[in-house]
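Reviewing the structure listed below.
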Amino acid sequence: PLTRDFGIPVWPRSVLQWRASWLDSTPIVPQLGIAGTAYTDGSVTLPRTPWLSRGTACVVWKRSDGSWNLWAGEAPWPPASARSELWAVLAATSGRAGGTVVTDSQTTWAGLVGLQSHNQAARRRLCTGSMGDLWQIALRQGLDHPAWTFRWVPAHLTWPQAEAVGVSAEDWAGNAKADHGARVAASRLLPPRAVAREARQAVEDQALALRV
């Protein structure tokens, strides 16, 4: 908006068209049919360029034969790491009456524990804050019920590091797979190089206009 005063387009047409191609779509919480423990993670593309940024979520869980299953998808706009993390939890719990979910986000874990504490002030803060839309879904899905168990594990550890702090091999593997899945999903949502290049140029033009 600042550059409009100087007669310079805020964003090139290519950037506007690329953004319009996905911005109006609202993801729906999937029902994954998970049985057992689910591992969740989230990621965000281009966090320093919010206008081009998009969030992704990933859930992994074990099948009955011991092999790993994976779901990954886009998180609702606006993009933020915390929103992606919580969207992954919502995907892991949708359509289920209880179970265990493991996250490496301390913020998400703390919020879920806050819901289960039935502290009305804490609930109000969650449901009226910047992520209130997602926390309200969490309540509708019954994540405040004691049938749910939420655990936190530290992220981005090697197996020897994880073992040293008491993380089980399965928790370490599940978290690592969820982290990888979220990052791969994010890489597929990056803008085309030409769009990213024109967006960078627009930012440089704005900075130049403000110096004039």
> Antiparallel DSSP bridges in the chain: what percent, to the nearest 5?
Replying inline: 65 percent
>> Which one, 147, 203, 178, is farthest towards the positive end of the dipole of the chain when Lys and Arg carry +1 and Asp and Glu -1 on their Cβ?
In response: 203
> Just 182, 88, 169 to compare: in a GNM of the chain, with alpha carbon springs under 10 Å, which one fluctuates most?
Replying inline: 169
> What part of the accessible area of the chain, given as a whole %, is carbon or sulfur when the probe is 1.4 angstrom?
Replying inline: 55 percent
>> Relative contact order of the chain, please, whole-number percent, based on alpha carbon pairs below 8 angstrom and at least 6 residues apart.
In response: 27 percent
> Amide H to amide H, which residues 5 or more places from residue 99 or on other chains are under 5 Å from it, using H placed in the peptide plane?
Replying inline: 148, 149
> So which trypsin sites (Lys or Arg not before Pro) in region 1-108 pass both tests, a DSSP loop state and at most 11 other Cβ atoms within 10 Å of the Cβ?
Replying inline: 48, 63
> Out of 49, 106, 168, whose Cα points farthest toward the positive end of the dipole of the chain (charges: +1 Lys, Arg; -1 Asp, Glu; placed on Cβ)?
Replying inline: 49
>> Let me spell out the model: positive unit charges on the Cβ of Lys and Arg, negative unit charges on the Cβ of Asp and Glu, origin at the Cα centre of region 16-72. What dipole size does that give, in debye rounded to 20?
In response: 120 debye
>> Keeping every protein chain present and rolling a 1.4 Å probe, give me the accessible area per residue for the chain in Å².
In response: 54 Å²
> Counting other Cβ atoms within 10 Å of each Cβ, which trypsin sites (Lys or Arg not before Pro) in region 144-209 have at most 15 and sit in a DSSP loop?
Replying inline: 188
> Highest GNM mean-square fluctuation, the chain, Cα pairs closer than 10 Å: which of 199, 164, 91?
Replying inline: 164
>> I want the local charge near residue 123. Using Cβ-Cβ distances under 15 Å, sum +1 for each Lys or Arg and -1 for each Asp or Glu among the other residues.
In response: +1
> To the nearest 500 deg cm²/dmol, what mean residue ellipticity at 222 nm is calculated for the chain from DSSP H runs of n ≥ 4 alone, each contributing -39,500 (n - 2.57), summed and divided by the residues?
Replying inline: -14000 deg cm²/dmol
>> Quick check for me: using +1 on Lys/Arg Cβ and -1 on Asp/Glu Cβ, what's the dipole size of region 1-112 about its Cα centre, in debye to the nearest 20?
In response: 180 debye
>> Placing unit charges on C-beta atoms (Lys and Arg positive, Asp and Glu negative, everything else neutral), compute the dipole magnitude of region 84-210 about its Cα centre in debye, rounded to 20.
In response: 300 debye
> Which value in nm describes the separation of the simple spin-label points at residue 120 and residue 139, placed 7 Å from the Cα toward the beta carbon?
Replying inline: 1.2 nm
> Top mean-square fluctuation among 165, 102, 15, Gaussian network model of the chain, C-alpha springs under 10 Å?
Replying inline: 165
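The values are calculated or read from the model by the stated rules, or taken from the named source; none is laboratory data. Since this is a predicted model, take the numbers as computed values, not measurements. Glycine also receives a Cβ, built like all others from the backbone with ideal geometry; neighbour counts cover every protein chain displayed. Only protein heavy atoms, including side chains, enter the accessible area calculation; ligands, DNA and RNA are left aside. Shrake-Rupley method; radii C 1.70, N 1.55, O 1.52, S 1.80 Å.
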